[in-house]
Amino acid sequence: MKVFILGGDGFCGWPTSLHLSNLGHDVTIIDNLSRRNIDNELEAGSLTPIQYMGTRQKAWKEVSGHDIRFERLDVAKNYHRLLTLIQDEKPDAIVHFAEQRAAPYSMKSSAHKRYTVDNNLNATHNVLAAIVESGLDVHLAHLGTMGVYGYGTAGMKIPEGYLPVEVTTDDGTRVRQEILYPANPGSIYHMTKTQDQLFFAYYAKNDHLRITDLHQGIVWGTHTPETDQDERLVNRFDYDGDYGTVLNRFLMQAAVGYPLTVHGTGGQTRAFIHIRDTVRCIQIALENPPEKGERVKILNQMTETHRVRDLAKIVADIADAEIAYVDNPRNEDPENELHVQNDLFLDLGLEPTTLEAGLLEEVTSVARKYAHRADRAKIPATATWTERQKPGVPPGDD
Ligand SMILES: NC(=O)c1ccc[n+]([C@@H]2O[C@H](COP(=O)([O-])OP(=O)(O)OC[C@H]3O[C@@H](n4cnc5c(N)ncnc54)[C@H](O)[C@@H]3O)[C@@H](O)[C@H]2O)c1
């Protein structure tokens, strides 16, 4: 299969590119390297020493014998280059990771909000419009987030994308149908993902594009069997207050002897998936595309749910670390339950990597190994969700 990986230089995109290339697929990475530039802006970097794209490509060729092609272009801006690439190369599938993906970064200032909206919505819409204009039948697999659902339910499990509803018409007939699960974004970043869903629904309906939307949980872990083969292939590991996702942040904090920072009561329940399972899920999604004319295929790409304070306790016990409860910079309920259906991937053969099995390895083989590269000053989360949460604003003052 010929596959374009948009955002293939990133944390999920790079190991996915290697995994698909290893399976014999013809992989082209398309990325504008914006994530590396954001590292420069934030004066923060990956805990692991990620290499330039050219070094990555060379190392992969040496290790596997496979070529991965790289095109540096901005999917949100360079529409015609994207279209030409699709027309010339005729990919069978496009995997779309190319968005600004950090909720705290999207909330830092109005400039960051506007950048996230411009970048994410235009990137997604450009890909859809380009597939239509190319006239080709390309399967698009997009990485969405569990955050589109919000984090509370009426007590039932969150279904895979669609909610069955029953309405009563004027003549008293009861009509059943399935609708997109009501969007409930918790940040500007999450809002862009909820808007993506509408683009997909429209293009699947109007142009019969084949689209899979993967509502992914928080990804943890670093290595996959492919990135493990050579130090130059190492994957990104974000730990800073904007991009560090909760579990990887805890692992790194434990490794450098920094108390694990739990926001608020730590009563937030979140969904998780290991990076090894992310790359497998993408493979499974590409092998099982929707039919032409079918509605968007939505799968919940997560394997476990945990409360943040319980996670902190597990990591603290493994790594002999302390826990510090700090003010929550987000605007969210202090406690929530989260129950999620993920039967579709399990039925298609996913065998999850459990926290129990993978955590210790992460602490020792990644967090401790690269602890000397950590900049402790970058750990605290500083972006607040509202003006009233900013430092120095008295309680109750809006
Ligand atoms: N990491 C997680 O825990 C997680 C969880 C749920 C969903 N996701 C989703 O998965 C996708 C990938 O996440 P990630 O963690 O790998 O993020 P990342 O920031 O590491 O990677 C995204 C990549 O896309 C590139 N990019 C961004 N905008 C672009 C544009 N306009 N043109 C070309 N390239 C562009 C960046 O340079 C980067 O290499 C995102 O869409 C994210 O929302 C990630």
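Overview of values
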| read-out | value |
| --- | --- |
| Qualifying residues in segment 114-151 (those that are free of Cβ contacts under 8 Å to residues at least 40 places away in the same chain and open to solvent by 10 Å² or more (accessible area, probe 1.4 Å)) - the one nearest to the chain's Cα centre (by Cα) | Tyr115 |
| Residue match in segment 278-287 (condition: modelled with pLDDT under 95, not hydroxyl-bearing (Ser, Thr, Tyr) and not in a loop (DSSP other than H, G, I, E, B)) | no |
| Candidate set: segment 157-180, residues that are at negative phi and in contact (Cβ under 8 Å) with a residue 40 or more places away in the chain; chosen: the one surrounded by the most Cβ atoms within 10 Å (Cβ to Cβ) | Ile158 |
| From the options Glu62, Glu43, residue that is more than 14 Å from the ligand (Cβ to nearest atom), at positive phi and touching a residue at least 12 places away in the same chain (Cβ under 8 Å) | Glu43 |
| Count of segment 77-93 residues which are surrounded by 15 or more Cβ atoms within 10 Å (Cβ to Cβ), more than 14 Å from the ligand (Cβ to nearest atom) and in a loop (DSSP other than H, G, I, E, B) | 2 |
| All positions within segment 1-16 that are more than 9 Å from the ligand (Cβ to nearest atom) and part of a loop (DSSP other than H, G, I, E, B) | Met1 |
| Criterion (open to solvent by less than 30 Å² (accessible area, probe 1.4 Å) and either of a type outside the set (Gly, Ala, Ser) or under 26 Å from Tyr151 (Cα atoms) (or both)) met by exactly one of Asp207, Asp213, Asp230 | Asp213 |
| Counted residues, segment 94-113 - those being under 23 Å from Glu43 (Cα atoms), within 14 Å of the ligand (Cβ to nearest atom) and either open to solvent by 60 Å² or more (accessible area, probe 1.4 Å) or of a type outside the set (A, V, I, L, M, F, W, C) (or both) | 7 |
| Subset of segment 181-204 that is free of Cβ contacts under 8 Å to residues at least 60 places away in the same chain and in contact with a helix residue (DSSP H, G or I) (Cβ under 6 Å, 6 or more places away or on another chain) - its residue that is surrounded by the fewest Cβ atoms within 10 Å (Cβ to Cβ) | Ala183 |
| Selection status of Glu71, under 30 Å from Ala377 (Cα atoms) and in contact (Cβ under 8 Å) with a residue 24 or more places away in the chain | no |
| Subset of segment 230-281 (residues that are hydroxyl-bearing (Ser, Thr, Tyr) and more than 18 Å from the chain's Cα centre (by Cα)) | Tyr258, Thr261, Thr265 |
| Top-ranked residue of segment 54-103 - restricted to ones that are closer than 29 Å to His190 by Cβ and aromatic (Phe, Trp, Tyr), ranked as farthest from the chain's Cα centre (by Cα) | Tyr79 |
| Hits in segment 22-47 (condition: more than 28 Å from Asp118 (Cα to Cα) and crowded, with 21+ Cβ neighbours inside 10 Å) | Leu47 |
| Condition broken by Lys58, with the remaining ones in (1) open to solvent by 50 Å² or more (accessible area, probe 1.4 Å); (2) over 21 Å from Asp277 (Cα atoms); (3) in contact with a Ser or Thr (Cβ under 8 Å, 6 or more places away or on another chain) satisfied | (3) |
| Selection status of Ala93, among the aliphatic types (A, V, I, L, M), out of contact with any Asp or Glu (no Cβ under 6 Å at 6 or more places or on another chain) and under 30 Å from Pro329 (Cβ atoms) | no |
| Unmet criterion (only one of (1) assigned to a helix (DSSP H, G or I); (2) of a type in the set (Lys, Arg); (3) within 16 Å of the ligand (Cβ to nearest atom)) for Arg232 | (3) |
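The values are calculated or read from the model by the stated rules, or taken from the named source; none is laboratory data. What you see is a predicted model, and the numbers here were worked out from it, not measured in a lab. Here the Cβ is made from the backbone with ideal geometry for all residues, glycine too, and neighbour counts use every protein chain on show. SASA here: full protein model, heavy atoms, side chains in, ligands and nucleic acids out. Shrake-Rupley method; radii C 1.70, N 1.55, O 1.52, S 1.80 Å.
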